[in-house]
Amino acid sequence: MWSLSHTPKDAELLLKKFGTRNQREAAGKYGMWPRCPGVVIRRPVEHDAGDEAVPEREAVVGRWGLISAMTKADGLDKAGKLSTFNARSETAPKSFTFGNAWRRAQHCIIPADAIFEPDWRSGAAVATRFTRADGAPLGIAGLWDRWRDAAGQLQESYTMLTINADQDPLFRDYHQAGKEKRMVVILPEGAYGDWLTAPADATRDFLVPFPADKVVATPER
């Protein structure tokens, strides 16, 4: 399973790099732990309301580990225990958990300083930190959805999209031997706007590897 370092702690960085107006509302919510709150960037739910006050993008605090809007009240406990931090892009469209978000093109960007993955080439797992070579924060492609909790209140959640990395010059060296190599989708800055507004039938156009020479892998000793 992928893990993330804290998202950028400087609220101004969220505004500058990801174009959100309400970055202060997400202050203090930067822990990127499974099933815990984290920050994502998305197009507001009310984006097509015709209200000029609605921004193009917003920073939202949600649960890392997507719970589908289709989940019924008696299934919430089970859904909350599932490992839904990552979504395989090959199967997400037909998945109960991720299908609703995929069909509705509920795209989001997950900002992070770094991602971590174990290096098993020595025979033991060595935690490895992946960052952008230029020092910029990562913008990871994801899906978001909302579910109603036991009290009937809407709750936000999200997941990171992954793709096959068997042929990737960098990420093919990670994950355990004999297992499929996977990688998250790191978006280039120029694709942020298009990703957030892309229709469902264009989702796969963005699910491509980030250039390996623009990523630095640093073992955590």
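Of the residues Pro199, Pro188, the single one that is over 20 Å from Ala133 (Cα atoms) and under 19 Å from the mean Cα position of the chain (by Cα) is Pro199. Somewhere in the stretch 101-112, is a residue farther than 25 Å from Gly190 by Cα and surrounded by 16 or more Cβ atoms within 10 Å (Cβ to Cβ)? The answer is no, given that none of the residues of the stretch 101-112 is farther than 25 Å from Gly190 by Cα and surrounded by 16 or more Cβ atoms within 10 Å (Cβ to Cβ).
Contact annotation: residue pairs with Cβ atoms under 7 Å, 6 or more positions apart or on different chains, pairing a residue in the stretch 174-194 that is in contact (Cβ under 8 Å) with a residue 40 or more places away in the chain and closer than 17 Å to Arg43 by Cα with a partner that is open to solvent by less than 70 Å² (accessible area, probe 1.4 Å) and assigned to a helix (DSSP H, G or I), are Leu187/Trp195; Leu187/Phe206; Tyr192/Phe18.
For Ala124, the test of being free of Cβ contacts under 8 Å to residues at least 12 places away in the same chain, loosely packed, with under 14 Cβ neighbours inside 10 Å and among the aliphatic types (A, V, I, L, M) is passed. Test Arg182 against the criterion of being of a type in the set (D, E, K, R), over 28 Å from Ala101 (Cα atoms) and either in contact with a helix residue (DSSP H, G or I) (Cβ under 7 Å, 6 or more places away or on another chain) or open to solvent by less than 30 Å² (accessible area, probe 1.4 Å) (or both), and give yes or no. No, not satisfied. Residues that are open to solvent by 10 Å² or more (accessible area, probe 1.4 Å), touching a Pro at 6+ places or on another chain (Cβ under 8 Å) and among the hydrophobic types (A, V, I, L, M, F, W, C) are absent from the stretch 139-162 altogether. Anything in the stretch 127-138 that is closer than 22 Å to Arg88 by Cβ and either open to solvent by 10 Å² or more (accessible area, probe 1.4 Å) or of a type outside the set (Ser, Thr, Tyr) (or both)? List them, or say none. The answer is Phe130, Leu138. If a residue has to be of a type outside the set (Asp, Glu), more than 19 Å from Asp48 (Cα to Cα) and open to solvent by 20 Å² or more (accessible area, probe 1.4 Å) to count, how many in the stretch 185-201 make the cut? Qualifying residue count for the region: 2.
The values are calculated or read from the model by the stated rules, or taken from the named source; none is laboratory data. Since the model is a prediction, treat every value here as computed from it, not as a measurement. As a convention, Cβ positions derive from the backbone with ideal geometry for all residues, glycine included, and neighbour counts pool all protein chains shown. All accessible areas refer to the heavy atoms of the entire protein, side chains included, with ligands and DNA or RNA removed. Shrake-Rupley method; radii C 1.70, N 1.55, O 1.52, S 1.80 Å.
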